């Protein structure tokens, strides 16, 4: 199944998260049956990232957004684990620092966008400024309501600079979120991931849903689409994201750059020098060695 077609938010369409099943798992019945496909997708991503890095003319930006415990960290750990850290970077966006808050809301995001040849993953992103800011009323409606167009313009600039953009909203149910919070409470190794604010934010679930529905609907474009990923099943979340990323990269036309040196000439010189150093060139004139 092509999850790019199944899970994409078509530009201009309305989004109603209540009509999207967060437990959807496509044609797969279990993690065991999906795992070979996930692994194959991760391997494809690894090979394609190598071409992206070598080609050096394009870049990829992946945006991950979700309510707490939906699995942003899990996607990064499992889906992007095969990529070379030399050309893959992850940035988490938390409460703005004093310097960040002193600039426009897109400034800190622009600083982290990928250079050509790079893959960058945003763990939360510039969309926080039409989500958390809206829900907690940190700025007035007249301010955040204008940011959708600014975000679209910002992403258009990146696209014109040959950056491919993929945006994923990881969709879980309130019941699944609560179950995952309990797992963190029951597991001492995960206590660091839980806080009282996780529970207090649950009280604002309807407001967050409304904010996400508007943000996704107003900023999903043909060149920078949103995908709503059912995330109650962690394995399906990883399957869908990995397939979409791999298929998208496969269509970027990535290829190795043309050779910029004379390989034959370098090979002759290297092997001639190596033979001379090991003694295989003894008894032969310098002119004969050079001629090789």
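The table below gives the values:
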item: Helices (runs of 4 or more DSSP H) within region 34-126 that include 3 or more residues in contact (Cβ under 8 Å) with a residue 12 or more places away in the chain; result: 72-79, 107-111
item: Residue count, region 17-29 (criterion: surrounded by 11 or more Cβ atoms within 10 Å (Cβ to Cβ) and free of Cβ contacts under 8 Å to residues at least 12 places away in the same chain); result: 0
item: Qualifying residue in region 30-44 (condition: modelled with pLDDT of 95 or more and touching a strand residue (DSSP E or B) at 6+ places or on another chain (Cβ under 6 Å)); result: no
item: Lone qualifier among 94, 14, 47 - being closer than 29 Å to residue 130 by Cβ and either modelled with pLDDT of 95 or more or buried (at least 16 other Cβ atoms within 10 Å of the Cβ) (or both); result: 14
item: Among the candidates 231, 215, 246, residue that is over 30 Å from residue 30 (Cβ atoms), in contact (Cβ under 8 Å) with a residue 60 or more places away in the chain and under 22 Å from the mean Cα position of the chain (by Cα); result: 215
item: Unique residue being more than 20 Å from residue 17 (Cβ to Cβ) and either surrounded by 14 or more Cβ atoms within 10 Å (Cβ to Cβ) or at pLDDT below 95 (or both) when the list is 126, 171; result: 126
item: Yes/no for residue 133 being assigned by TED's automatic domain parsing to the domain that holds residue 21, surrounded by fewer than 21 Cβ atoms within 10 Å (Cβ to Cβ) and either within 14 Å of the chain's Cα centre (by Cα) or assigned to a loop (DSSP other than H, G, I, E, B) (or both); result: no
item: Helices (runs of 4 or more DSSP H) completely within region 150-254 that count 1 or more residues being over 24 Å from residue 137 (Cβ atoms) and in contact with a helix residue (DSSP H, G or I) (Cβ under 7 Å, 6 or more places away or on another chain); result: 174-186, 234-250
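The values are calculated or read from the model by the stated rules, or taken from the named source; none is laboratory data. Keep in mind it's a predicted model, so treat the numbers as computed, not measured. Cβ coordinates were reconstructed from backbone atoms using ideal geometry, including for glycine residues, and neighbour counts include every protein chain displayed.
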